[in-house]
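Notes for the one structure printed next.
The values are calculated or read from the model by the stated rules, or taken from the named source; none is laboratory data. Source: prediction; values computed, not measured. In this analysis, Cβ positions are derived from the backbone assuming ideal geometry, glycine residues included, and neighbour counts consider all displayed protein chains. Note: accessible area is taken over every heavy atom of the protein model, side chains too, but ligands, DNA and RNA are not part of it. Shrake-Rupley method; radii C 1.70, N 1.55, O 1.52, S 1.80 Å.
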Amino acid sequence: MMTEPLFDSTRFRRVCGQFPTGVTAVTATTADGRLAALTVNSFTSVSLEPAKVLFCLADSSSSFPVLTEARRVAIHILSRDQEDVARRFATSGLSGAQRLEGVGWTPGPDGVPLLPGTPAILAGRPGEIITSGDHAIILVTVDHVHLKPTDVPALSFYQGRFTTPVVAAPE
């Protein structure tokens, strides 16, 4: 009789891939001017009072040192037509500055890169960093919110692919 192993990391990843997530681009800057730019789908709101959000980051990420020392972070909600940004920011082997080349960003508060064309941006100061397994949970206290209403659906990630959620027409 064959039995399944109690845990299989590949299977675990496939199971987690059954849950669609939004796609964000996170940018950050440190006091000495180092930049981070990465794609993150592990983003969620935490609190309204005070306004807090979080995202998770692998401790093996080349952006990890910048994010753990960042003085400012911006989380950009990406739209369906920004898959190119998501792919570029997910490219390994590039520094944050290299990932930002050609994106047309502008410096926001404390020099944090702000991306054009994103439907929403949450910016603030990173606070508590909670290490768990091979990732860190980075909590951000939000002090800047930008919303640009759009009919373009958000970019999502599902079963290992970028996708767009089906949005029903209003009745």
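How many residues are open to solvent by less than 50 Å² (accessible area, probe 1.4 Å), under 23 Å from Pro65 (Cα atoms) and over 8 Å from the mean Cα position of the chain (by Cα) when one looks only at the stretch 34-50?
Going through the stretch 34-50, the residues open to solvent by less than 50 Å² (accessible area, probe 1.4 Å) turn out to be 35-40, 42, 47.
Keeping just the survivors that are under 23 Å from Pro65 (Cα atoms) gives 35-40, 42.
Keeping just the survivors that are over 8 Å from the mean Cα position of the chain (by Cα) gives 35-37.
Counting residues in the stretch 34-50 that are open to solvent by less than 50 Å² (accessible area, probe 1.4 Å), under 23 Å from Pro65 (Cα atoms) and over 8 Å from the mean Cα position of the chain (by Cα) gives 3.
Tell me yes or no: at least one residue of the stretch 124-133 is among the aliphatic types (A, V, I, L, M) and open to solvent by less than 20 Å² (accessible area, probe 1.4 Å).
So far as the stretch 124-133 goes, no, none of its residues is among the aliphatic types (A, V, I, L, M) and open to solvent by less than 20 Å² (accessible area, probe 1.4 Å).
What about Ser79, is it hydroxyl-bearing (Ser, Thr, Tyr) and either open to solvent by 40 Å² or more (accessible area, probe 1.4 Å) or in contact with a Cys (Cβ under 6 Å, 6 or more places away or on another chain) (or both)?
no
Here's a check for you: in the stretch 1-25, which residue that is open to solvent by 100 Å² or more (accessible area, probe 1.4 Å) and modelled with pLDDT of 80 or more is farthest from Thr118 (Cα to Cα)?
It comes out as Arg11.
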